[in-house]
Each structure stands twice: as structure tokens, then as C-alpha cells.
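Here's the structure we're looking at; comments come further down.
The values are calculated or read from the model by the stated rules, or taken from the named source; none is laboratory data. Treat the numbers as computed from the prediction; the structure is a model and nothing was measured. Cβ atoms come from the backbone with ideal geometry, glycine included; neighbour counts cover every protein chain shown. Keep in mind that these areas ignore ligands, DNA and RNA; they rest on the heavy atoms of the full protein, side chains included. Shrake-Rupley method; radii C 1.70, N 1.55, O 1.52, S 1.80 Å.
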Amino acid sequence: MKKTFWRLSICLFVSAGAHTLNAQSLTGFLPSQQAKEQEAEKLFLQKPKPEVYKKHLEALTRLPHSAGTPENAQVRAYIVDVMKKAGWQVEEPAYDIFMPVSPGENTVEIITPEKIKLNTTETPVDAFSGQPRVTGGWNSFSGSGDVTAEVVYANFGTKEDFEKLESMGVSVKGKIVIARYGGNFRGYKAKHAQAHGAAGVIIYTDPIDAGYMKGITYPEGPQANDSYIQRGSLLTVDFTGDPLTPFVPALPLDGKKKIERLSPDKVDLHKIPVTPISYGAAKEILIRMTGQSVPAGWQGALPCAYRIEGGSKLKVHLKVEQKNDFTRVTNVIGTLKGSEFPDEWIILGSHYDAWVHGATDPNSGTSMLISVAEALGELTKAGYRPKRSIKICHWDAEEFGVIGSTEWVEQFKEELSAKAVAYMNADAAVSGKSFGGASSPSLKQLLKDATQMVAYPGSDKTVYQQWAGAKSEPEVGNLGGGSDHIAFYMYVGVPSWGGGTGGVTPYHSAYDNFEYYSRFVDPTFQMGPMVSQIFGIMAMRLANAEVIPYDVSRYATDLEKHLSTIEKTIKVYSPAYSCEKLMTAVHELGKNIETYNAAQQKYIQANKSVKNTTAELNKILISLEKSFIDTQGMAYGKWYQSLYASPDPYSGYASWMLPGFMYEASLKSTANLPQLEARYLKAIQSLNEKVVALTKKLG
């Protein structure tokens, strides 16, 4: 399909150190608006500084600060103080969440053929990992239990891995499953194990995936050492957020408005005990296993032949005592009010709660965003107030199940549906030196454009060029699960993107601290300002363009690609299946988008804003993504209401495009295809009607 863009050429040159970045066109700006946007962006790009980013990161990560702790409240106070000083209006909405209040008791030991108590805490090797407030490794939302049983190794503990065990005649019933991290969200390892009758689960990171097989281990090098433990939530209810309040916000119990909560015993929380351990501890179990060899691809890198069963002589004791109770969590919502369109919102966000110190995850993103807040605050004081309102949000309790952001979205769902132009997610956004991003269709080009405006530190390239590598242009991925964009994008239908820089990090461990960051993630602290510049440029263009700068064309091109994938997937088990009706609707959508693009370009080049026309255009543009919101929801969870995108309900992280079809295909079923086609056809037709309406407004 031919792809066209309504783009106005603007000679926009920005110096960055020794670099002069190439001229670029801007989307949605009138010619008369060129100069001010050029000035504002040039000024903004000079604001983020390595020393400022470093100062914020060091302050935020001095102490462990998981959700619900006094230390996390101190982190929140720091964020509030910085944003208020930068000129932002700040609110702190609170919620009472049903979640674990502490790790509780956690024991893993070999009972026979010899008794060995296994370590569940990292070895202190730096100034941070030995602090008194550092807890041992734990998985929140584990069941409580005390079991002694034989062991079965289940590879990654995916749905397919448990099916493989069944096909081999291996039962996990009444046994303790040991599985390695990777392949899916850790909560699904527990969910699949419990569904197959396991008595408990032990999860570890294998050195073939992160450890000495990848390079020198910490503290000498950046790789996971033999006491590294990945903490993390196990929450796998069929919605996102507080487990007792699906669809409604978990407002404070002592507040004026009372929320009806589910009874905890009616919620599908895990019943069996689950805990993470290090690969050093896991080795003690695996080297004592005596059963049959593992299938191809299941062998890890510990010094033994991996086996499926431990045998009757090997018994392991696992005990977890973990209490759930109501815990107060608090978001920070900063607002820079727009000068012309205050009720159109550009939202940037990252969570601030961490499993331990959280230098990469999440507080590299937190530090980056408060640097953006300071820079935009300075621009406003210099006379460059954004036309649309910009909100920078810091979410609480993300690590326990993407909770703080979800509750806020549920609380303000109607406003967000009408006002939110975009959500930009910065979770762990400065965690290395390789840039990447994933996005809804309409923001993909804007992301690419922004990266062409920013120099990549220490090179003569732009971020765009560094990101593209040997390719002609970089590839923007599609959003899956695992972070704070979920409720915005997959529940309300707000165009979203998430990204930043990545690399080797000590994910969710006691080693994800300022010392590790300073030595191995970015000793120069230049990546923080670089990512700040990208987020800031995107926010400014979304906020200041006369017409919201969505790439509407991308809806048609991406839909065509995703439908082709769906058709091929279903044809594997149903050869006669065809997406012809849906493809025809998408082709019609593509033609109408081309007509709209031409009319839009003519409107922009006329250099005359017609206030009512522009306002009506933007209102329709904001509604485009909502064409995919279907209150019937998905078969695997009604809360997931986007027909376009969803987390994979088997892995929790992967991106499912056109998820209604993907779920049907996962079951190798055709029973629901007719009604799914009808729902998708209705969504595409709704999108098409809105595009036609846009063209008529320009008539």
C-alpha cells in the first residue's frame, strides 16, 4: 500500500556539541508557527545536562524504596519538591491497594540426601547491597505454604514447557517445580505450575541467560554473579491493577467516596509458595538431580547435565509466609497548563517504586523525566509555554502489578478518553546505550523524527542513525505488557509509546544501584540527557502543533500487515480461512487516509488557522484510537478492551496484535471467528468514518 504523509518542510538546524543535525520537516505546524517552534526546540535541546541527571539519580537511589515503605515516601517527596520548584502544579492522588506488606518469611533448603540451607539473599559486594534495608529475594503475591517434596525442572515454565512435560509422561503434581527466568512473565510460571498440580515453585536466573556465560560477573564486570536474585511480582489476575478493584479506582478506604471491593477469597491469587533464588543456590539442587535428560534447548550453563526429575532421594523444603493487606500508594501528577488548549493532554510517565535501589529500573526513567520537567519549566519561564497541557506522572506500585498508573487511569477514564493526546512511558528508560522503542501506529513516525533531532553522545551520528545501524531506517516495535502504558493504551485507547536505552542491567536485584550504574551502565551520564531530549521534543511537537501530528497513514499499513499475519496463522490449522472482508475494509481506509492527507496538507499550507475547524479536527484525531476500544473485552479478560493490542495472556510481556484473533488462534479454534470478524470490521469501519469526517471538516 502506498504511504503518504502530510508534512510541511521546515529548515530546522540544531547544533549539539560538534554536531549539526540535519534539516527536518515538522508535521501539523503552520508556516507562521515555524520560527517559534524552531527557537523553542533549539533552546530545549541545550537544557538537559549530565551533571543534573546524575544528581537526581543519586538522590533517588540512596536507599531501597519499594512501594509502601517510608523510603519510597521520601523518594516521592524529592520528586514533588523538584517539580514544584520547576513551576509545575503537583497533585498526589492516593489509593489503598491489597498487596503484600513485606517479604515475610522465605526459606529454601535441601533436606535429603544431605541438609543444605540455600541462600536467599545477595552477597554484599558494594556500598549499597549491604545496606540494612536490603531484603532477601522474594516474589510478591506468592501463596503462603510450607512444603517438602521432590523436584521437577520445567525449563522456563511456559505453557509449552508444561505441555512438553505432560507429553513426556512427567507429572509435577505434589512436587516443587524449579524453572529459570525468561520466556514469560514470572507470574505465569507460577500459574501454569499451580494449574498442573505443583506444590511450589522456585525460580532462578540461569548463567546461560545472564551470568558468566555472557561475560565477567559483578563486581568485576557487569554480568549477574552467583548470588544475583531477580525479585518481582507474580500477580496474574485477568485484569491489570489492584486485585480487588477491577474497572474502578482503589480509592482510599478512609475517603469520602466508597469503592466496592472484591473479597480477597474470591480473587484468583496464587495459592502455592513461590520464591526466587540465585543460580549459585539453584546449582545445589540441579547437580543432585538424577532423572532423565532434558529435551533439546532446555540445558542451561551450570556445570552439570540438566535433568527433568530429581528422583525420590532428593527432597527440597520450600516455605513462604507472605501476608497481603491494604497499603497506601501515592502517584505524583505534575501539570504544565497549556496556553491555548489546556484540555488536551500530553502525558509522560514512569514509576518510581523499586524492588531495591532501582538505579536502572525504574529511576533512570524517573531522573530523566524530572530533568525534562525542569527543562520545560525553564522554557515556560522564558515565554515558551506549551499550547496543550503537558503532564509528567510518577507512578507508585508498578512493580507489584502496574498498579498506581492503572488506578489513576480508572479514576479518570472519561477525561482521558476525551482529552489525552498521547502517553509516553519511560520505565527504566536510561538503562544502557542501545536506543529502541515500541509504539502505537500513530506515534511511530513522530518517534523517528525526534531521534533525528538528537545527537548520539560520543559519535558523529544522530540517535536515529545509531538506532538504525546498517538498516535504512530503524524499526519501531509494538507495545506488549509489563509497564504503565497498559491502562492508557489497552483499556482506554490513548496512543502510546515506550522506550529509551537498554543494555546489561542487574534487573530487580540488590545490585541495581548507583555504584553499578556509575561503573557499567553509563559512567558519563550522557545517556540521560539524550533520552530527555527525545522525550522532550516529542512532547513539545505534540503540544504545540496546530493539528495533532499523528501519522494516520500508519493505521492502514500496520493493519494490513497484522491481518496478513493473522490469516497465515489461522490457515495453519484452517486452510480455507481468509481475511478478505477485513482486508477490503483496510484498503478502503488507506484510500480515504490518502484523501485526508492531501486535504490536511492543503489546509496547513494555507497558513491560516480556522479555530473551530482546528478544534474539531483535533477532537476527531484524539478519538481515532478509540475505534478499537470494545467494552466486550477479550475472552481471556474483559478489562483488556483494545481490539488492536494486548499483552499475550500466556506470557504477560509479548505484544499481541489483533488479540481477539490471536487468542482464537492459540486455541486452534474457528468457533468464534465470525463474531470476531464482525467486531473487527465494526472497528475498522468506525476508524474509516472518522477519517472521512476529518476530510469533510477540511471541505
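The table below gives the values:
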read-out: Given (1) open to solvent by 10 Å² or more (accessible area, probe 1.4 Å); (2) of a type outside the set (D, E, K, R); (3) on the phi < 0 side of the Ramachandran plot; (4) at pLDDT 95 or above, index of the condition GLY68 fails; value: (3)
read-out: Members of the stretch 151-178 found to be assigned to a helix (DSSP H, G or I) and crowded, with 17+ Cβ neighbours inside 10 Å, listed by number; value: LYS159, ASP161, PHE162, LYS164, LEU165
read-out: Residue within the stretch 36-43 that is without any contact (Cβ under 8 Å) to a residue 12 or more places away in the chain, among the charged types (D, E, K, R) and either under 20 Å from THR366 (Cα atoms) or open to solvent by less than 40 Å² (accessible area, probe 1.4 Å) (or both) present; value: no
read-out: LEU235 vs. criteria closer than 24 Å to ALA354 by Cα, part of a loop (DSSP other than H, G, I, E, B) and out of contact with any Leu (no Cβ under 7 Å at 6 or more places or on another chain); value: yes
read-out: Residue within the stretch 594-601 that is open to solvent by less than 60 Å² (accessible area, probe 1.4 Å), farther than 18 Å from LEU643 by Cβ and not in a helix (DSSP H, G or I) present; value: no
read-out: Any hit, the stretch 538-547, residues being within 33 Å of the chain's Cα centre (by Cα) and open to solvent by 30 Å² or more (accessible area, probe 1.4 Å); value: no
read-out: Listing of strands (runs of 3 or more DSSP E) fully contained in the stretch 266-339 that carry 3 or more residues being open to solvent by less than 20 Å² (accessible area, probe 1.4 Å) and within 30 Å of TYR218 (Cα to Cα); value: 274-277, 315-321
read-out: Qualifying positions in the stretch 565-591 - open to solvent by less than 40 Å² (accessible area, probe 1.4 Å) and part of a helix (DSSP H, G or I); value: ILE566, ILE570, LEU582, MET583, ALA585, VAL586, LEU589, GLY590
read-out: Which numbered condition GLU625 fails, given (1) open to solvent by 10 Å² or more (accessible area, probe 1.4 Å); (2) within 26 Å of THR584 (Cα to Cα); (3) of a type in the set (Asp, Glu); value: (1)
read-out: From GLU374, GLU378, residue being over 30 Å from GLU414 (Cα atoms), open to solvent by 10 Å² or more (accessible area, probe 1.4 Å), of a type in the set (D, E, K, R) and assigned to a helix (DSSP H, G or I); value: GLU378
read-out: Candidates GLY482, GLY493, GLY503, GLY499 - the one that is within 27 Å of GLY404 (Cβ to Cβ), under 23 Å from the mean Cα position of the chain (by Cα) and open to solvent by 40 Å² or more (accessible area, probe 1.4 Å); value: GLY503
read-out: Members of the stretch 651-672 that are surrounded by 18 or more Cβ atoms within 10 Å (Cβ to Cβ) and in contact with a helix residue (DSSP H, G or I) (Cβ under 7 Å, 6 or more places away or on another chain); value: SER651, GLY652, TRP656, MET657, LEU658, GLY660, PHE661, GLU664, ALA665
read-out: Failed item, numbered, when ILE202 is tested on (1) under 28 Å from ASP325 (Cα atoms); (2) in a loop (DSSP other than H, G, I, E, B); value: (2)
read-out: All positions within the stretch 267-291 that are hydroxyl-bearing (Ser, Thr, Tyr) and in contact with a Lys or Arg (Cβ under 7 Å, 6 or more places away or on another chain); value: THR290
read-out: The stretch 126-145, subset open to solvent by 70 Å² or more (accessible area, probe 1.4 Å) and touching a residue at least 12 places away in the same chain (Cβ under 8 Å), residue farthest from SER102 (Cα to Cα); value: ALA127
read-out: Residue within the stretch 210-222 that is touching a strand residue (DSSP E or B) at 6+ places or on another chain (Cβ under 7 Å), in contact (Cβ under 8 Å) with a residue 12 or more places away in the chain and part of a strand (DSSP E or B) present; value: no
read-out: Residue in the stretch 548-557 that is among the aliphatic types (A, V, I, L, M), at pLDDT 95 or above and over 30 Å from PHE341 (Cβ atoms) present; value: no
read-out: Selected residue (only one of THR148, THR107, THR123 is assigned to a strand (DSSP E or B), open to solvent by 60 Å² or more (accessible area, probe 1.4 Å) and out of contact with any Cys (no Cβ under 8 Å at 6 or more places or on another chain)); value: THR148
read-out: Residue list for the stretch 602-640, filter: assigned to a helix (DSSP H, G or I), among the aliphatic types (A, V, I, L, M) and in contact with a Leu (Cβ under 9 Å, 6 or more places away or on another chain); value: ILE604, LEU617, ILE620, LEU621, LEU624
